[in-house]
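Written out below as structure tokens is the structure these notes cover.
The values are calculated or read from the model by the stated rules, or taken from the named source; none is laboratory data. The model shown is predicted, which means the values in this text are computed figures rather than measured ones. Here Cβ is always computed from backbone atoms with ideal geometry, including for glycine, and neighbour counts include all displayed protein chains. Note: areas computed on protein heavy atoms with side chains; ligands, DNA, RNA excluded. Shrake-Rupley method; radii C 1.70, N 1.55, O 1.52, S 1.80 Å.
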Amino acid sequence: MAARDVHGPEAPHGEFQVVGKPHRKIDGHAKATGSAVYADDIQLPGMLHAKTLRSPHAHARIVSIDTQRAQDLPGVHAVITGADLPTRYGVIPWTPDETALAVDKVRFIGDEVAAVAAIDEDTASRALGLIDVEYEVLHAYLDPEEALQRNEPTIHESKKGNNVSKHVQLEFGEVDRAFEGAEVVLEGDYSFHGSTHAAIEPHCAVARVDADGLLTLWSSTQITHYVHRALAHVLDLEAHRIRVIQPALGGAFGGKSDPFSLEFCVAKLASLTGRPVKMLWSREEVFYAHRGRHPMQMTYRTASDRQGRVKGVDARILIDGGAYSSFGLVTTYYSGQLLTGPYQFPSYRYDSTRVFTNKPPCGPKRGHGSVQPRWAFEQQLDELACQLELDPIEVRRINYQGAMTQTVNGQRITSSGFLECLEKVERASGWKERRGKLGRGRGLGVAGSMYISGTNYPIYPNDMPQAGIQLKVDRSGLVMVFTGGNDIGQGSNSVVAYLVAEELGLELDHVRVVAADTDLCPVDLGAYSSRVTFMVGNAAIDAARKLRRVVVDTLAAEWDVDPRRVRLVKGVALDLEDPDRHMDLREAFQLAEAKHDTLGSTGSYNTPTLGGDYRGGTIGASPAYSFTAHVVEAEVDEETGRIRVPKVWCAHDCGRALNPTLVAGQIEGSVYMGIAEALFEHHEVNRYGLHKGPSLLDYPLATTLDTPDIEAFVVESIDPEGPYGAKEAGEGPLHSSIPALANAVYDAVGIRLRHLPLTPARVLRALREQREERERVAAAATAAGAPTEPEELA
């Protein structure tokens, strides 16, 4: 497939002046000093405070709601229910199954039922207790297997008449023939538990309707554009009468990539009362809103030859989606589509089913949809290596698919530094010298992975750009960058500043970024699927390159030289062949403005046509893929079952590192999150559907004392289509940390842990089963008169 003309690796000035250097984030000082303004910092004159009434039942019909007593409470200005906001919505337009407040039915404990706006939070909370709701309790589905088998009553009334959210079955190549002719076949069951994002900032939204009836919403969202569209749809307002602004954001990790109930509620309440309204969710409410990692039950079969070359992979996956669709359609595809690299599969089949259950709804969490299958397959690849007595790293090298190729399911691979990633972690960890030789209780494990750098397909079909940039040049020499991109802490606004400064030869303090304001900024689709660096970055270069051309041509005409002799670098315009001819960029911009009128430019990015020619073939297709390898060192205490991780080595191929410090930070954060998810975290409900611990006291997270020493390696494969060759770094480095840990446990004590989380109880159970199996084998050998090995050799 022909590549689109995008902004590849070459530097605009011969060598990079800004890109590839360590710089602080442009918002770092404001955040460190506390001057950054988050949603909850916004205080408006006459502002009311809102609270939400939530369902105490996992599944029930709403028989009646009486809000009169709440409305009569002094200090209450408005009460709304589902009748006030009945329009269904969903971040995916084909699955609109949510309402801002429940209409007729609640589907999980914590589902939103009513909202109150009052003079303060205490009054609003008291008013919630005065709302009378009569429920008819229904059977609650808390087990995805039961939800799959039983359909009366269904959680959602639909034409399908069952609890299936989405089913995808795809096959590539001749899978059955591959297994029939295979020399080795492995099969295993694996499960991945639910986990939440635990962003430090809870969800918050503030709405104001001005004297002209224009609605402004400030929200801690990572998808301003989609929230803007959803508000127009649900409130039945013209989109041009709505403005959405994302203030500084205290983390998201995917947990703020849906439109949420509070955004619609504050907008409606502000409209009804004529006063600004704020709603700040408590930590408990964030746990119920959820949208975290989908639990998955997986069965994998892998066929190979005796040299360790994979011939076929066959997967069956059952996904627990919780109460609503969210991104579930995409999750179901991602669970299969994103496994086909960095290894070559001649044949591949997956059958993936997402079901609704009466639990908090799941959604996208860092590494959306593909962390769980990677957990299963990378363990099975390790089992294959051990069964064939091969080095697990060598098995991954044998199966490496290469660069500039295509996967079995039609995904185009451009650059790939996976082999270098393997080599980095192999050498740094002392793999060859240490694996299997650390003594019982200590071990090393390896795993690899691949992830997207943005998705080919926008959430709603259209031919417009997926990312846009506007530049405005001030006569002071300052360049303002307007981007719809959402900086959620990953530093995307800083990346935009680096790229514009590089292209225009500016010092960083001469670039200022305005972001995520639908009135001021061009449309960008949001911070999800690791799309921002690649897509917004290319748009920024496009805009800056157009502006640079105008300035360079102006100076070339003024100096009567070939434009190729003009360079913009370090705040100066100069003639490469005459060192005495130069000009401050401020003067150069003024000269260009005098000749060409007000100075500015726009830029955009859209993906080329990608993906396989089949239903769902574009889902998971990306303009570039990142690659990662992990080696994890684990220690297992056989008395307590506790696993400790002293060190992790992670090498990540991010294309060109636009800022190596930011990339290393993303690698370290991903590793931390992966190891914590494996050992500590578990988002679960009890047999009634009530969350077991909706607080940061009860939900276990890794502390600094639990965090391993992390050695991060930045591998730069230089992608031909990325901005200066860059790819993603925010999600990919998480995936293979978790199976690498499980493989390290096997190297340490010889047990396979296929079900997460890796709790001490699971470790002790597996060790007991290991001892019992050894005793059984020894007893059988004794009965047969065969000699037995000493236990230390077994």
Exercise. For region 70-141, divide the Cα radius of gyration by the Kirkwood radius and give the resulting Rg/Rh value with two decimals.
Key: 1.03
Exercise. At 0.36 nm per residue, minus the direct Cα-Cα distance, what do residue 31 and residue 637 gain on full extension? Give it in nm, one decimal, please.
Key: 214.1 nm
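Hey, what does the equivalent ellipsoid look like for region 48-207, semi-axes from the Cα gyration tensor as sqrt of 5 times each eigenvalue, largest first, whole Å?
Here the semi-axes work out to 43, 19, 15 Å.
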Quiz item: Taking 0.36 nm per residue of separation and subtracting the Cα-Cα distance, what length does fully extending residue 559 through residue 132 add?
Solution: 145.8 nm
Self-check item: Proximal lysines to residue 311, defined as alpha-carbon separation beneath 18 angstrom and excluding residues fewer than eight positions away on the same chain
Solution: none
Self-check item: Cα-based shape type of region 585-655, given that a ≥ b ≥ c are square roots of the gyration tensor eigenvalues and the cut on a/c is 1.5
Solution: oblate
Quiz item: In deg cm²/dmol, rounded to 500, what helix-only [θ] at 222 nm does the chain give when every DSSP H run of at least 4 residues adds -39500 (n - 2.57) and the total is split over its residues?
Solution: -8500 deg cm²/dmol
Quiz item: So which trypsin sites (Lys or Arg not before Pro) in region 306-415 are both in a DSSP loop and have at most 12 other Cβ atoms within 10 Å of their Cβ?
Solution: 306
Quiz prompt | region 1-121: translational diffusion in µm²/s, Stokes-Einstein, Kirkwood Rh over Cα pairs, 37 °C, 0.692 mPa s | solution = 166 µm²/s
Self-check item: Ranked by how many other beta carbons lie within 10 Å on average, peptides 54-60, 84-90 from highest
Solution: 54-60, 84-90
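Highest first, please rank the peptides 431-440, 565-574 by the mean number of other Cβ atoms sitting within 10 Å of their residues. Spell out each step's value before the answer.
Values: 431-440: 13.3, 565-574: 19.3.
The most tightly packed comes first, giving 565-574, 431-440.
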Exercise. Compute the distance in nm between two label points, each set 7 Å from the Cα along the Cα-to-Cβ direction, one at residue 478 and one at residue 272.
Key: 4.2 nm
Self-check item: Length released on extending from residue 237 to residue 460, taking residue separation times 0.36 nm less the Cα-Cα span
Solution: 78.4 nm
Practice problem: Kindly state, to the nearest 0.05, the FRET efficiency for residue 305 paired with residue 698, given R0 = 56 Å and r defined as their beta-carbon distance. | Solution: 0.70
Quiz prompt | Cα centroid separation, region 633-661 to region 494-540 (Å) | solution = 31 Å
Quiz item: Largest first, how would 518, 483 line up by accessible area (1.4 Å probe)?
Solution: 518, 483
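For region 172-261, what is the Kirkwood hydrodynamic radius in Å, using each pair of distinct C-alpha atoms?
For region 172-261, the Kirkwood estimate is 16.9 Å.
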Practice problem: Could you please state, rounded to a whole Å, how far the C-alpha centre of region 311-375 is from the C-alpha centre of region 189-225? | Solution: 24 Å
Practice problem: Over 21 Å, how big is the tail of the calculated P(r) for region 268-363, in percent of all Cα pairs? | Solution: 53 percent
Quiz item: Given Cα pairs under 8 Å that are at least 6 residues apart, what percent is the relative contact order of region 297-428?
Solution: 27 percent
Exercise. Take every DSSP beta bridge with both residues inside the chain and express the antiparallel ones as a percent of the total, to the nearest 5.
Key: 80 percent
Quiz item: Based on Cβ point charges of +1 for Lys and Arg and -1 for Asp and Glu, what charge dipole magnitude is obtained for the chain about its Cα centre, in debye rounded to the nearest 20?
Solution: 480 debye
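Which links in 166/278; 472/727; 160/359; 268/727 stretch past 32 Å when you go from one Cα to the other?
In this structure, 166/278; 268/727 lie more than 32 Å apart at Cα.
Before anything else, pin down the relative contact order of region 33-174: Cα pairs under 8 Å, at least 6 apart, normalised by residue count, whole percent.
Averaging sequence separation for qualifying contacts and normalising by length gives 31 percent for region 33-174.
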Quiz item: What is the packing order of peptides 744-752, 100-108, taking the mean over residues of other C-beta atoms within 10 Å and listing the highest first?
Solution: 100-108, 744-752
Quiz prompt | Whole-number Å³ per residue for the convex hull built on Cα positions in the chain | solution = 174 Å³
Quiz item: So how long is each side of region 286-337 along the principal axes, counting just the alpha-carbon atoms, biggest first, in Å?
Solution: 49, 17, 14
Practice problem: Could you check how many percent of all C-alpha pairs in region 492-562 are farther apart than 15 Å? | Solution: 60 percent
Self-check item: Mean accessible surface per residue for the chain, computed with a 1.4 Å probe while every protein chain stays in place, in Å²
Solution: 38 Å²
Practice problem: List the relative contact order of the chain as a percent without decimals, with contacts defined as Cα pairs under 8 Å and 6+ residues apart. | Solution: 16 percent
Self-check item: For region 242-345, size of Cβ-based charge dipole, Lys and Arg +1, Asp and Glu -1, in debye
Solution: 160 debye
Practice problem: Have a look at region 652-794 and give its Rg and Dmax from the Cα atoms, expressed in angstrom. | Solution: 21.6, 69
Quiz prompt | At least 30 Å along the helix axis (C-alpha) and Kyte average at least -0.5, DSSP helices within the chain | solution = 537-559
Quiz item: When only DSSP loop residues count, what GluC sites (Glu not before Pro) in region 300-396 have their Cβ near at most 12 other Cβ atoms within 10 Å?
Solution: 389
